[in-house]
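The values are calculated or read from the model by the stated rules, or taken from the named source; none is laboratory data. What you see is a predicted model; the values in this text were computed from it and never measured. For neighbour counting, all protein chains shown are included, and Cβ atoms are generated from backbone atoms with ideal geometry for every residue, glycine included.
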Amino acid sequence: MRKPVIAGNWKMHMTCMASKDYMASFLPLISDITNDRHIVIAPPFTAISTLADCVVGSSIELSSQNIHWENEGAFTAEVSPIMLLEHNVKYAIVGHSEPRKYFSESDEQINKRAISAQAHGLIPIVCVGESDEQRERGEAERVIRRQVEQGLEGTDPNVVVVAYEPIWAIGTGKTCAADEANRICGLIRKWVGCDDLIVQYGGSVKPGNIDELMSMSDIDGVLVGGASLDPKSFARIANYQTN
């Protein structure tokens, strides 16, 4: 049985003080949440320690927004697995479209990050997705399959999350139709060849579409950007209903 992962990616938002205020509002809103889902927050690196203290005794799990493949070294601005483990981080986002776009991250680098995460007992959330131009040219499936196959090479699919995030739907207000997102998520699971693979959808997820998305057969959670910055909004997403 695949257990959905509802993850909020705060990106470059939230100071430590803002994180404390957020959690003071958020935790009471999910106090009665059922145990049939994982609730994950990925704060900026500076707030991980603060969040680690705030979530003690709660059902919240922490993710980093990236991870390096080495434990230490001359890698300015990177963060290592052992640094994350010190703060009880459980997940690590890799291959998000923003570092792919702005910092030219390759599938090879993303794969090394995913392998490193797993080697240290962390669960990588490997992001894949096509651009608007690629979809218009009919290349979406080819692009996504390449990202999946290269990004997950050498990893254990039983301890990885794949997040399908069509680039054209990230922060644009556009949302991939639920049935199309479901189709792609199903294809990803088929390509990997693991029935238990967790596949999320991400891209302008919000309270108004979460119930429909989570009612789909092949969508096992969501990776939420902007809507995760408001505690009431993200609480509604975390408390999704499929009936």
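Looking at the stretch 97-108, can you tell me whether even one residue there is of a type in the set (Phe, Trp, Tyr) and touching a strand residue (DSSP E or B) at 6+ places or on another chain (Cβ under 7 Å)? Full working, then the answer.
Of the stretch 97-108, the ones of a type in the set (Phe, Trp, Tyr) are 102-103.
Filter once more, so that each one left must be touching a strand residue (DSSP E or B) at 6+ places or on another chain (Cβ under 7 Å): none.
Scanning the stretch 97-108 turns up no residue that is of a type in the set (Phe, Trp, Tyr) and touching a strand residue (DSSP E or B) at 6+ places or on another chain (Cβ under 7 Å).
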Requested in this report: Looking only at the stretch 133-146, count how many residues are surrounded by 14 or more Cβ atoms within 10 Å (Cβ to Cβ) and not in a helix (DSSP H, G or I).
Outcome: 1
Query raised in the report: Of (1) assigned to a helix (DSSP H, G or I); (2) touching a residue at least 24 places away in the same chain (Cβ under 8 Å), MET216 satisfies all except one. Which?
Result: (1)
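For the stretch 108-132, what are the residues that are outside any helix (DSSP H, G or I), over 19 Å from ASP156 (Cβ atoms) and over 14 Å from the mean Cα position of the chain (by Cα)? So that I can check it myself, show each step before the final result.
Going through the stretch 108-132, the residues outside any helix (DSSP H, G or I) turn out to be 120-131.
Those still in the list that are over 19 Å from ASP156 (Cβ atoms) too: 129-131.
Across the stretch 108-132, the qualifying residues are GLU130, SER131.
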Requested in this report: Can you confirm whether the stretch 187-203 contains a residue that is over 24 Å from ALA119 (Cα atoms), modelled with pLDDT of 95 or more and assigned to a helix (DSSP H, G or I)?
Outcome: yes
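Can you tell me which residue within the stretch 121-132, out of those that are surrounded by 15 or more Cβ atoms within 10 Å (Cβ to Cβ) and out of contact with any Gly (no Cβ under 7 Å at 6 or more places or on another chain), is farthest from TRP69 (Cα to Cα)? Working first, answer last.
Within the stretch 121-132, the first condition is being surrounded by 15 or more Cβ atoms within 10 Å (Cβ to Cβ), and the residues that meet it are 122-131.
Then keep just the ones that are out of contact with any Gly (no Cβ under 7 Å at 6 or more places or on another chain); that gives 122-125, 129-131.
On the way: LEU122: 12, ILE123: 14, PRO124: 12, ILE125: 15, GLY129: 22, GLU130: 25, SER131: 27 Å.
Filtering first and then ranking leaves SER131.
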Query - Checking ARG137 against (1) closer than 21 Å to GLY8 by Cα; (2) out of contact with any Asp or Glu (no Cβ under 9 Å at 6 or more places or on another chain), the condition it does not meet - result: (1)
Query - Among the candidates GLU149, GLU105, residue that is touching a Lys or Arg at 6+ places or on another chain (Cβ under 9 Å) and either over 24 Å from SER228 (Cβ atoms) or assigned to a loop (DSSP other than H, G, I, E, B) (or both) - result: GLU105
Requested in this report: Could you run through the stretch 219-234 and say how many residues are in a helix (DSSP H, G or I) and surrounded by 22 or more Cβ atoms within 10 Å (Cβ to Cβ)?
Outcome: 2
Query - Single residue of GLY225, GLY186 found to be out of contact with any helix residue (DSSP H, G or I) (no Cβ under 7 Å at 6 or more places or on another chain), under 19 Å from ARG146 (Cα atoms) and among the small types (Gly, Ala, Ser) - result: GLY186
Requested in this report: Hey, can you tell me all the residues within the stretch 88-102 that are out of contact with any helix residue (DSSP H, G or I) (no Cβ under 6 Å at 6 or more places or on another chain), buried (at least 17 other Cβ atoms within 10 Å of the Cβ) and in a helix (DSSP H, G or I)?
Outcome: GLU98, PRO99, ARG100
Query raised in the report: How many of the residues in the stretch 152-186 are within 21 Å of ASP220 (Cβ to Cβ) and assigned to a helix (DSSP H, G or I)?
Result: 14
Report task. Scan the stretch 192-212 and give yes if some residue there is touching a Cys at 6+ places or on another chain (Cβ under 9 Å), without any contact (Cβ under 8 Å) to a residue 60 or more places away in the chain and of a type in the set (Val, Ile, Thr), otherwise no. Result -> yes
